[in-house]
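Participant: One structure, pasted below without further comment.
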């Protein structure tokens, strides 16, 4: 059985730590800083870091890779079309890898960056900065159409899938979601709960795809309530869900 926990980094990043207690081997996802990982390894003698999974090239996701590789000789997996430090295995869409005895499907999810990938193993999705709790990543390199398609692919996974994204943005994302759908009771209930969690210093991740479909406006571009709100703001009739998404993302950028 693999145990999954979060190592906080910087101001709002999480480095996901996967632990196989039967072998005392572990893996990390998107170690933007080596220090939290090395601190955990020091505090847990006997454990070996065997694998490093990278979703995209941004520094707060890869900044610790070289130090960890030098200290542990872990295998580094990352997207083939991006420059990833000391990458050993270059991954493309629909590739499959085995890490700690788990098979992961690689899903290409361009939008935040052009080469961004996600890792999926039955019920567990490590999606970097593509899908957030109640939100999605900014479009630094890709188009709204690409990101909408990427999110649609992730949303097609089983609803009980746990969503392990890499930032604690849930509260601010839900404030936006409530502005988009002020009449959505699921969003308002989640906002109140998350506000209490953050007040108490409790992390809000992982989420589930079922919860995201109820409360994340970026997965709800086909809902009449979302479309009407966007049209009302823009004075347009956005017919395609990808156009609704583009308008939503532009609104969120200045929210």
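Participant: So how much slack lies between residue 48 and residue 228, counting 0.36 nm per residue of separation and subtracting their Cα-Cα distance, in nm? Please report the intermediate quantities before stating the final value.
Facilitator: On the way: separation 180, 0.36 × 180 = 64.80 nm, distance 5.23 nm.
Separation in residues times 0.36 nm, less the Cα-Cα distance, equals 59.6 nm.
Participant: Okay, moving on. Please work out the Kirkwood hydrodynamic radius for the chain, using every pair of different C-alpha atoms, and report it in angstroms with one decimal place. Write out the running numbers ahead of the final one.
Facilitator: Working: mean 1/r = 0.0537 Å⁻¹.
Here the Kirkwood hydrodynamic radius works out to 18.6 Å.
Participant: Calculate, in nm to one decimal, what residue 203 and residue 145 gain on full extension: separation in residues at 0.36 nm each, minus their alpha carbon distance. Write out the running numbers ahead of the final one.
Facilitator: Values: separation 58, 0.36 × 58 = 20.88 nm, distance 3.10 nm.
Separation in residues times 0.36 nm, less the Cα-Cα distance, equals 17.8 nm.
Participant: Given a cut-off of under 8 Å on Cα pairs at least six residues apart, what relative contact order in percent is computed for region 23-164? Display every interim value, and only then the final one.
Facilitator: On the way: 290 pairs, mean separation 24.6, N = 142.
It rounds to 17 percent for region 23-164.
Participant: Additional query: What is the angle, in °, between the Cα long axis of helix 170-180 and the longest principal axis of the Cα atoms in the chain? Nearest 10 is fine, range 0 to 90.
Facilitator: 20 degrees
Participant: How would you rank 126, 245, going from fewest to most other Cβ atoms within 10 Å of each one's own Cβ? List each step's numbers first, then the result.
Facilitator: Values: 126 23, 245 28.
In order of increasing Cβ crowding within 10 Å: 126, 245.
Participant: Here's something else I'd like to know. Take residue 73 and residue 95, extend 7 Å from each Cα along the Cα→Cβ direction, and tell me the distance between the two endpoints in nm.
Facilitator: In this crude spin-label approximation the distance works out to 2.2 nm.
Participant: Using C-alpha positions alone, give me the convex hull volume of region 186-255 per residue in cubic angstrom. Show your work: numbers first, answer last.
Facilitator: Numbers: hull volume 7.2 nm³, N = 70.
So the per-residue Cα hull volume is 103 Å³.
Participant: I'd like the orientation of helix 34-43 relative to the chain: the angle between its Cα long axis and the longest Cα principal axis, in ° from 0 to 90, rounded to 10.
Facilitator: 50 degrees
Participant: Moving on to the next point. Using the Kirkwood radius over Cα pairs, work out the Stokes-Einstein diffusion coefficient for region 69-147 at 37 °C and 0.692 mPa s, in µm²/s as a whole number.
Facilitator: Details: Rh = 13.4 Å.
Taking Rh from Cα pairs, D becomes 245 µm²/s.
Participant: Hey, another quick one. Counting each pair of different Cα atoms once, what's the Kirkwood radius of region 129-255 in Å, rounded to one decimal? Mind dumping the intermediate values first?
Facilitator: Values: mean 1/r = 0.0685 Å⁻¹.
Result for region 129-255 stands at 14.6 Å.
Participant: Compute log10 of I(q)/I(0) for region 20-59 with the Debye formula, placing one identical point scatterer on every Cα and leaving out solvent, at q = 0.15, 0.19, 0.23 Å⁻¹, to two decimals.
Facilitator: -0.37, -0.57, -0.78
Participant: Before anything else, pin down the relative contact order of the chain: Cα pairs under 8 Å, at least 6 apart, normalised by residue count, whole percent. Before the final figure, lay out each step's value.
Facilitator: Details: 517 pairs, mean separation 32.6, N = 255.
After rounding, I find 13 percent.
Participant: Taking R0 as 41 Å, what FRET efficiency do you get between residue 80 and residue 195 from their Cβ-Cβ distance, rounded to the nearest 0.05?
Facilitator: Working: r = 41 Å, r/R0 = 0.99.
E(calc), rounded to 0.05, equals 0.50.
A short reminder: the numbers here are calculations on the coordinates, not readings from a lab. Note that this is a predicted model, so its numbers are computed, not measured. Cβ sites come from the backbone with ideal geometry, for glycine too, and all protein chains shown count toward neighbours.
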